[in-house]
Amino acid sequence: NESSVPTQKTDWWPWGGIVGDVYIVETPKQFIQNAYLQLNPDNFSEALFKLKMNHPSSGHNIKLEIPELKFTAKYQTNSFGIIEENIKINPQLWSPESPKLYEVIISSNAETISDVIGFRSIQTQGQKIFLNNHEIRFKGIAMHSEPIGIPGPAFSTEHFKQLLATAKDLNVNFIRAAHYPYTRHLAKVADQMGLMLWEEVPVYWNIDWDNPETLKIAKNQISRLVQRDQNRSSVVVWSVANETPLSSSRMKFLQSLLSEIEINDSSRLTTAALLSGSEEQFRSLALVLALQGAKSNWVEPQEKAIFSAILDQANIKIEDELSFSLSIDDPLGESIDLISYNEYFGWYYVTFFTDQMMISEGTLRRLMFEVMPTIKITSSFDKPIHISEFGAGAKYGNRTNKIWSEEYQAKLYQHQLEMLSNNSQIQGISPWVLKDFRA
């Protein structure tokens with residue numbers, strides 16, 4: 001309903017039923033509820049080990065082993081049933097080029113659990129992103145959790161192996177897993193294949209920002225996602241929202257989710273896929289298009305006259321030079337590490353202007369392609385920008401060179417990449433979308 005997360009209004013199909021693993025697990029009365037082991041970003045020969053028992057009680061004997069590193073240590077829980085220790089190790093670091101993983105074994109007097117974990121750091125400095133202290137760009141793709149060639153949701157290891165192998169064929173190093181938590185197998189496969197991951201919760205479009213129950217649901221979702229995947233080296237970004245309209249209630253809501261992440265895991269980047277651009281900014285884009293149209297030799301006289309009238313009304317001369325710059329100024333940018341922005345120059349934005357300017361869609365699309373290389377995207381924050389969505393739709397086999405054709409789609413991506421490469425603050429992309437999905 002309208003108070004749920006997500007609401008009933010989404011642009012994807014919310015597959016029903018049980019889509020993840022189901023286990024019946026037998027445990028001792030006192031068992032290990034969760035354990036965390038991740039690299040110290042300031043000291044690569046050190047890692048933070050945290051463990052929590054299901055009940056607060058002291059004196060539980062815990063042994064931590066990393067056999068390949070010949071590491072063994074013994075600890076006891078404090079009165080809260082918790083261990084927090086810095087351990088000395090010297091691991092080979094996980095990266096897309098070398099996705100090294102280590103077996104980690106944790107045992108108590110009553111049980112033994114194990115996992116396979118990679119060690120890496122992810123940080124930002126100014127407008128740059130650093131993996132293991134080396135500058136990196138997120139060369140990515142966005143996707144939905146739907147398998148290739150099979151109806152329904154993706155949920156198994158094999159499903160995600162096929163999806164991520166298809167992504168790797170595009171030479172990506174990064175996946176935006178939109179717009180909701182996938183099953184645990186995605187991050188495990190990404191660990192093995194060396195793909196960095198953005199994971200998010202479905203705080204999507206406009207939700208019931210003032211409802212405490214809605215906030216409780218969203219906090220539960222982000223907390224469970226973080227606790228489940230906190231040891232996955234592939235996960236480098238937690239996202240709390242997608243395309244949410246500005247309001248004070250929305251700001252308070254999303255700040256609460258960011259605080260929830262900070263409580264559980266501060267070792268990764270935080271973000272939200274933002275919208276930006278005021279009416280005034282897009283009016284200036286309309287003027288840039290009008291000037292380009294008035295100067296172009298191929299524009300029909302009737303449409304050229306419309307462009308000239310628009311310029312006259314704005315006191316702009318044909319010999320003037322105009323450019324368009326969009327500044328991302330969403331106040332949430334103060335609180336997140338990565339300024340992520342969904343933009344659709346050459347696709348949705350063109351239809352905004354068609355009726356307003358009384359110009360054919362075909363003319364405006366061609367003009368948009370001509371001006372896109374000059375468009376500047378910046379932000380009000382000294383942080384890296386990630387273009388979290390861009391692209392165009394196409395029907396397979398439609399080879400007409402018009403909208404919805406494969407040719408138009410390819411041209412749009414070419415012009416987008418030319419535009420984005422001219423913007424130095426942009427440090428990552430995840431175009432929309434890897435494959436068709438049910439909406």
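Of the strands (runs of 3 or more DSSP E) that lie entirely inside segment 94-155, those containing 2 or more residues that are without any contact (Cβ under 8 Å) to a residue 60 or more places away in the chain span 102-107, 112-117, 134-136. Across segment 2-33, the number of residues qualifying as under 21 Å from Y182 (Cα atoms) and either assigned by TED's automatic domain parsing to the domain that holds I106 or without any contact (Cβ under 8 Å) to a residue 12 or more places away in the chain (or both) comes to 8.
Identification of helices (runs of 4 or more DSSP H) wholly contained in segment 248-350 with 3 or more residues that are in contact (Cβ under 8 Å) with a residue 24 or more places away in the chain and of a type in the set (G, A, S) yields 279-295. When residues in segment 388-428 are screened for being out of contact with any Leu (no Cβ under 6 Å at 6 or more places or on another chain), buried (at least 17 other Cβ atoms within 10 Å of the Cβ), in contact (Cβ under 8 Å) with a residue 12 or more places away in the chain and closer than 16 Å to W347 by Cβ, 14 of them pass. Might you check whether a residue that is part of a loop (DSSP other than H, G, I, E, B) and either over 23 Å from T7 (Cβ atoms) or outside the structural domain of E260 (by TED's automatic domain parsing) (or both) occurs anywhere in segment 208-231? Yes, there is a match, as at least one residue in segment 208-231 is part of a loop (DSSP other than H, G, I, E, B) and either over 23 Å from T7 (Cβ atoms) or outside the structural domain of E260 (by TED's automatic domain parsing) (or both). In segment 188-206, the residues that are touching a residue at least 40 places away in the same chain (Cβ under 8 Å) and under 15 Å from H159 (Cα atoms) form Cβ pairs under 9 Å with partners that are in a helix (DSSP H, G or I) and basic (K, R), at six or more places apart or across chains, as follows: Q192/K161; M193/K161; M193/K168.
Within segment 107-124, one or more residues are within 21 Å of the chain's Cα centre (by Cα), of a type in the set (A, V, I, L, M) and closer than 21 Å to L269 by Cβ.
Quick one: in segment 94-147, of everything that is of a type in the set (K, R) and surrounded by fewer than 19 Cβ atoms within 10 Å (Cβ to Cβ), which residue is farthest from I83 (Cα to Cα)? So the residue we want is K139.
Remark: P56 matches the filter, which requires a residue to be touching a Phe, Trp or Tyr at 6+ places or on another chain (Cβ under 6 Å) and in a loop (DSSP other than H, G, I, E, B).
The values are calculated or read from the model by the stated rules, or taken from the named source; none is laboratory data. In this text the structure is predicted, and so the values were computed from the model without any measurement. When we count neighbours, we look across all protein chains shown, and the Cβ atoms used for this are built from the backbone with ideal geometry, even at glycine.
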